[in-house]
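To keep things clear, I will list the structure first and then write my remarks on it.
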Amino acid sequence: MITVVVGTQWGDEGKGKIVDLLAANSDYVVRFHGGNNAGHTVVVNGKKFPFHIVPSGVLNPKTVAVISNGVVIDPDVLMEEIEMLKKEKIDVSKKLVISPRCHLIMPYHKELDLAYENARGKGKLGTTKRGIGPVYADKVSYNGIRVYELLNWQLFEEKFRFQAKIKNEILKAFQVEPIKVDSFLPKFRQFRQLIKPMVHDSFVIFEKALAKDKKILCEGAHGLMLDVDWGLYPYCTASNISVGAINLGAGLPVSKPIRVVGVIKAYLSRVGSGPLPTELFNETADNIRQKGHEYGTTTGRPRRIGWLDLSAVRFTTSLSCINQLAITRLDILSEVPQLKICVGYQLNGKPIAVSSCGYQELANVKPIYKTFSGWKEDITKIRKFKDLPINCQRYIKFIEKFLKIKIKIISVGPDRKETFFN
Ligand code: IMP
């Protein structure tokens, strides 16, 4: 049985919490794309665990966490997260698997990301500056360095020196200090020693697991509107997020029936630039941002806030064959007197689908809204659908009806306990 959890919006939907919840019944939890541009927070008994690279389900005692080939790894970040897990007395050598095919985010990737963003000036994309675009660019232009090379030190050092020489020429054009390879080598040696016992061919592990009917949970990062092919290029990230990426990024079959859980935040948020038709620039947005602590887990940037955009979500649920939904952050909407949901766009007076929009069109569409009365009650203690305020029930039922997909999981607060199945 394969379950995939994907974000249906522009990221930060609360996937970490849903993954952590579903991981309780999973044998494996897998990150299959992206890198530490993602930030998934899990709260257990009031304690926060921010994960950027290690799959969020790792905290469950019986779950093995796999970082598969589609993921790009920043050694500094993975080392930090491994340390965090060790402090929690988690035996990482048994609980964490790293594919040798993962590409490494090298020091020059971060410098290049920053240099490109600075050079774009006003037209900057608002990347997380974690080197994500440059590392994926190197992957597909055969210039990448993987965990595989790192395990063979001589190969690694040769490739690192060769690539740094080229990248330093580019950095020079941006007037950026060159990378000094020797100063980074000790850290890479340390990283190599640390991860060596965890590096295994994940394909073989999954083949065996599937033969034994083990449960595999795939943790999507970011949100489908940021997919490099299907998102709003270039206001997107560099990896494929859609469900097919579990085949490319983890070697998992997509021909078997798959449970695809789409996570919807009850409103909209995003970090980074690019058009966002339902964005709000008023007090409601400020209140939601404050109450929901809507500041990026990865970069700390204040998130842009808007009304729930079901026009976009209808596209992403269809694209990724989503057959179940989880809604998060409903509690943040308590006390907003009136709520709106976008049900479509118009461009020059004519309806237009989000998939037909490039960034120029999306910047000019007019959202069509349906208005809902809000609810005042604090809902964080509620554990049954029928106990939710009637207006909250109406809001949820409308989403289900519009998307024709059942909302199976309802999250009413950040803690693992503040969730129920519907
Ligand atoms: P990059 O992935 O750092 O190259 O950033 C490209 C775009 O994707 C920027 O708008 C980022 O803010 C956005 N982005 C990347 N990862 C996430 C995420 O996990 N949550 C929200 N936005 C993200």
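Things worth noting here:
- Label point of Lys370 set 7 angstrom out along Cα-Cβ; within the range 328-358, amide nitrogens under 16 Å from it belong to 339-345.
- Ranked by how many other Cβ atoms sit within 10 Å of their own Cβ, fewest first, the residues Cys392, Cys321 fall in the order Cys321, Cys392.
- Considering helices alone, the calculated mean residue ellipticity of the chain at 222 nm is -10000 deg cm²/dmol, with DSSP H runs of length four and up weighted by -39500 (n - 2.57) and normalised per residue.
- Secondary structure note: in the chain, about 45% of the DSSP beta bridges are antiparallel.
- Backbone HN-Hα couplings from phi across the range 100-113 [Karplus 6.51/-1.76/1.60, Hz, Gly and Pro as x]: x, 7, 5, 7, 9, 7, 8, x, 5, 5, 5, 5, 5, 4
- This ranking places Leu325, Leu151 by how few other beta-carbon atoms lie within 10 Å of each, fewest first, which gives Leu151, Leu325.
- Cross-link table Lys124/Lys180; Lys17/Lys62; Lys48/Lys386; Lys62/Lys256, entries beyond 22 Å C-alpha to C-alpha: Lys124/Lys180; Lys48/Lys386; Lys62/Lys256
- Gaussian network model of the chain, springs between alpha carbon atoms under 10 Å - residue of Val135, Val204, Val365 with greatest fluctuation: Val204
- Sites Cys321 and Tyr142, calculated FRET efficiency, Cβ-Cβ separation with R0 30 Å, nearest 0.05: 0.40
Values quoted throughout were computed directly from the atomic coordinates according to the rules given, and no laboratory measurement underlies them. Just so we're clear, the structure is a prediction, and the values are computed from it rather than from any experiment. With ideal geometry, Cβ positions are generated from the backbone for all residues, glycine too; neighbour counts draw on all protein chains shown.
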